[in-house]
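Below is one structure, written out as structure tokens; the observations come after it.
The values are calculated or read from the model by the stated rules, or taken from the named source; none is laboratory data. Bear in mind the structure is a predicted one, so any value in this text is a computation, not a measurement. In this analysis, Cβ positions are derived from the backbone assuming ideal geometry, glycine residues included, and neighbour counts consider all displayed protein chains.
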Amino acid sequence: MIDKQHNNFRQKSPKKRFLSILGICFFAFYFILGVLIIFWKGFPLQIDPTYRTFFGILLIVYSFMRFARLWQNNFKN
């Protein structure tokens with residue numbers, strides 16, 4: 001089964017491979033942005049800490065939703 005998934009990744013077109021890499025980059029972007037918003041004390045926008053934490057968690061959850069969708073699209077049978 002692992003060999004089948006490995007061969008499936010190698011048989012992707014360059015367009016699908018590029019979109020997969022782009023999806024991983026955006027997952028990382030949203031995740032890092034969420035963590036920065038939560039923990040960066042000198043955040044340039046004046047937002048109530050409760051709302052800032054909520055927004056950061058929302059971005060992290062959204063990043064994992066994007067990753068789950070990317071995982072399903074890349075490894076479906």
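Odds and ends about this structure:
- Pairs are defined by a Cβ separation below 7 Å, a sequence spacing of at least 6 or placement on different chains, a first member in segment 20-36 that is of a type in the set (S, T, N, Q), and a second member that is surrounded by 14 or more Cβ atoms within 10 Å (Cβ to Cβ) and part of a helix (DSSP H, G or I); the pairs so defined are SER20/LEU70; SER20/ASN74.
- Under the condition of being closer than 27 Å to GLN11 by Cα and either touching a Ser or Thr at 6+ places or on another chain (Cβ under 8 Å) or assigned to a helix (DSSP H, G or I) (or both), the residues counted in segment 54-77 number 13.
- The set of residues in segment 39-53 being basic (Lys, Arg) and in a loop (DSSP other than H, G, I, E, B) consists of LYS41 alone.
- The number of residues in segment 39-67 that are modelled with pLDDT of 90 or more and surrounded by fewer than 11 Cβ atoms within 10 Å (Cβ to Cβ) comes to 2.
- Here LYS16 meets each of (1) in a loop (DSSP other than H, G, I, E, B); (2) at pLDDT below 85; (3) not acidic (Asp, Glu) with one exception, condition (1).
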